[in-house]
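Let me begin by presenting the structure, written as structure tokens, before commenting on it.
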Amino acid sequence: MQGIVQRSTGSWYEIRELNSQQIYSCRLVGKMKLDKHDLTNPIAVGDHILFTIDSNQVGIISEILPRRNYIIRQSPKNKHQLHLIAANIDQAILVTTIIEPQLKPGFIDRFLLSTEPQNIPVTIVFNKADIYGKDELEIFNIHKSIYEKIGYRVLLTSSKDKIGIKELQEQLKNKITLCSGQSGVGKSSLLNEMHEGRAQKTGEISGFSGKGTHTTTFAEMIPLINGGYIIDTPGIKLMSFNNLQLMDVSHNFRELFEASILCRFGAQCLHRNEPDCEVKLRVSKGIISGIRYDNYLTLIEEIEAQNHWERKKRY
């Protein structure tokens, strides 16, 4: 039978069979685990798979069908492995906030670096608008201008005051959407406004660290009120990459890649110390965001510091 992975707990998978829509609990055959030894999870939520049912009514996954796209990052537990976040999605929603916890602009660009190579559309959602003051709204407007200018949609939301909820519901309608964000940004509260039949746990900000507490344990595909599915994932505290080369970073900051046509060294320019660099010129004129450029340099230095053997192939 053919099915879609609805939920992953690490060793067991809930599979929705395509014809009957029935849910089966399935496990992997051992050989598939060995074949994907560089991955912490050889199967992701959203994967299309083939499976059989044994005499005990337990599903056995026999094959992973080709993916049309996927989002991957370095495993947070093992820097030598990769972790699949989701597969076969129509779009991604990145939930962040200006305060509680404090905005980390670098995280936005790290997330976009995981979606851009796969041409996955992203909407950046700034949540908790009900607690924004004048300063926070000014910071929001700066970032809204930065990211809309280069082609990303930006929304302001609040589950408490129902700000932006209708716009977000319309954005998600009849699509398979990955929803991701750092811990504590209010992702679960926001999703409670979107899906039916189940309320997500919500957590408070840790007073000790100022960081969010995890409220989602496993990745899960959830049906939406207006049609479609949301793939909810555990909150991310750190997003690193061990599967990228320097040019992967350079070519997937879209406004840098566009400007590189006019660099002396073209698409091979890393936009640091090279002469006649169009990117540096546009940064100095304010055409390219200095915030994005600084985040780019940080990522380049991080990739450059890795040993070559630590870098993994794509999946």
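The values are calculated or read from the model by the stated rules, or taken from the named source; none is laboratory data. The structure presented is a predicted model; accordingly, all values stated were derived computationally and were not measured. Quick reminder, even Gly has a Cβ in these numbers, built from the backbone with ideal geometry, and neighbours come from all protein chains shown.
Can you tell me which residue among Q6, Q74, Q57 is polar (S, T, N, Q), in contact with a Lys or Arg (Cβ under 6 Å, 6 or more places away or on another chain) and either surrounded by 14 or more Cβ atoms within 10 Å (Cβ to Cβ) or more than 25 Å from E116 (Cβ to Cβ) (or both)?
None of the others qualify; the one that does is Q6.
Name every residue in the stretch 245-280 that is assigned to a loop (DSSP other than H, G, I, E, B) and not charged (D, E, K, R), in order of residue number.
Within the stretch 245-280, Q245, N252, F253, C263, F265, C269, L270, H271, N273, P275, C277 meet the criteria.
From the list I303, I261, I291, which one is in contact (Cβ under 8 Å) with a residue 60 or more places away in the chain, more than 30 Å from G186 (Cβ to Cβ) and either in contact with a strand residue (DSSP E or B) (Cβ under 8 Å, 6 or more places away or on another chain) or hydrophobic (A, V, I, L, M, F, W, C) (or both)?
Exactly one residue qualifies, and that residue is I303.
Please state which one of I99, I72 is touching a helix residue (DSSP H, G or I) at 6+ places or on another chain (Cβ under 7 Å), assigned to a loop (DSSP other than H, G, I, E, B) and under 25 Å from L238 (Cα atoms).
I99
Suppose we filter F111, F51 for residues that are closer than 19 Å to S188 by Cα and among the aromatic types (F, W, Y); which single one remains?
Among F111, F51, only F111 is closer than 19 Å to S188 by Cα and among the aromatic types (F, W, Y).
Where residues in the stretch 229-247 are under 30 Å from Q268 (Cβ atoms) and crowded, with 17+ Cβ neighbours inside 10 Å, which of them is modelled with the lowest pLDDT?
That would be M239.
Going through N295, N242 one at a time, which residue ends up being of a type outside the set (V, I, T) and not in a helix (DSSP H, G or I)?
The conditions single out N242.
Any residue in the stretch 223-247 that's at positive phi: show its pairings with residues that are hydrophobic (A, V, I, L, M, F, W, C) at Cβ separation under 6 Å, as long as the two are six or more apart or on different chains.
Taking only residues 6 or more apart or on different chains, the pairs are G228/L172.
Condition first: assigned to a loop (DSSP other than H, G, I, E, B) and touching a Lys or Arg at 6+ places or on another chain (Cβ under 8 Å). Now tell me which residues in the stretch 161-185 satisfy that.
S183, G184, V185
So that you can scan it fast, the table gives a plain yes or no per residue for (1) in a loop (DSSP other than H, G, I, E, B); (2) in the same structural domain as I165 (by TED's automatic domain parsing); (3) modelled with pLDDT of 95 or more:
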site: L84; (1), (2), (3): no, yes, no
site: I89; (1), (2), (3): yes, yes, yes
site: G106; (1), (2), (3): no, yes, no
site: R110; (1), (2), (3): no, yes, no
site: S114; (1), (2), (3): no, yes, no
site: I120; (1), (2), (3): yes, yes, yes
site: I124; (1), (2), (3): no, yes, yes
site: D130; (1), (2), (3): no, yes, yes
site: D135; (1), (2), (3): no, yes, yes
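Go through the stretch 35-54 residue by residue and tally those that are assigned to a loop (DSSP other than H, G, I, E, B), of a type outside the set (S, T, N, Q) and either touching a Gly at 6+ places or on another chain (Cβ under 8 Å) or surrounded by 14 or more Cβ atoms within 10 Å (Cβ to Cβ) (or both).
Count: 8.
When you look at K134, is it over 23 Å from F253 (Cβ atoms), among the charged types (D, E, K, R), touching a Ser or Thr at 6+ places or on another chain (Cβ under 9 Å) and free of Cβ contacts under 8 Å to residues at least 40 places away in the same chain, yes or no?
Considered against the rule, which asks whether it is over 23 Å from F253 (Cβ atoms), among the charged types (D, E, K, R), touching a Ser or Thr at 6+ places or on another chain (Cβ under 9 Å) and free of Cβ contacts under 8 Å to residues at least 40 places away in the same chain, K134 comes out as no.
Name the residues in the stretch 145-198 that are farther than 17 Å from I231 by Cβ, among the basic types (K, R) and surrounded by fewer than 16 Cβ atoms within 10 Å (Cβ to Cβ), would you?
Within the stretch 145-198, K149, K160, K162, K166 meet the criteria.
Of the numbered conditions (1) more than 20 Å from N295 (Cβ to Cβ); (2) touching a residue at least 24 places away in the same chain (Cβ under 8 Å); (3) not basic (K, R), I139 satisfies every one except a single condition; which is it?
(1)
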